[in-house]
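Since the structure comes first, as structure tokens, the remarks are kept for the end.
Read-outs: derived from the displayed coordinates by stated rules, not from any lab. Computed from a predicted structure; not experimentally measured. Neighbour counts are summed over all protein chains in view; Cβ atoms, including those assigned to glycine, are modelled from backbone coordinates with ideal geometry.
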Amino acid sequence: MRKALLVSAACWALLAMAPGSAMASGPEDTANDIAGKVTSPFCPGVTLHDCPSQAAADLRHRISAWAEAGWSRGRIMARLVSEYGPEIRAVPPASGTGLVAWVLPLAALAIGAGIAFASLRSWTADAHRAEAGRRAGPDSLSLSVAERRRLDDELAAFKGR
């Protein structure tokens, strides 16, 4: 019984220290989170959370009111997208055409890593072959019998001069 109580207390302590997404968040947290995930229609290139304009403050207030009324994050985002268009999203959705924005960089990274790996492997293999050739010396050359005979004849003729 005592062990179960300790485990339960430890779980509650961990839950209390967990980031906001693990704990139940209130309407204010929801509104702040959404304001950080949408771009401001009033300040280009800035999130709604960071935009100093009065219009942005009014929109943040509307989002807070929607959150206080019990609207879900999805419903609030859908409303913002319907009013301001999909470009209001600071991060593209991980579905549909927005999925391309997530997959394309990963694919490019994987392809680049593959090319780098293949290139390095090829370069090191060439270097190893060249080093092995330098160490091997003339005795390790594989000549056919005809080539060996011609080489011997040429060397004999050269020495005879």
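Quick notes
- Relative intensity of segment 36-154 on a log10 scale, I(q)/I(0) at q = 0.12, 0.13, 0.18 Å⁻¹, equals -0.68, -0.74, -0.98, per a Debye sum over C-alpha point scatterers of equal strength in the absence of solvent.
- Burial ordering of His49, His61, fewest other beta-carbon atoms within 10 Å first: His61, His49
- Seen from Pro41, the other residues with C-beta closer than 10 Å to its C-beta sum to a net charge of -2, counting Lys and Arg as +1 and Asp and Glu as -1.
- Protection proxy ranking of 142-151, 77-86, 90-99, by the mean of other Cβ atoms within 10 Å over each peptide's residues and highest first, is 77-86, 90-99, 142-151.
- Exposure proxy for Lys37, Lys159: other Cβ atoms within 10 Å of each Cβ, ordered fewest to most, give Lys159, Lys37.
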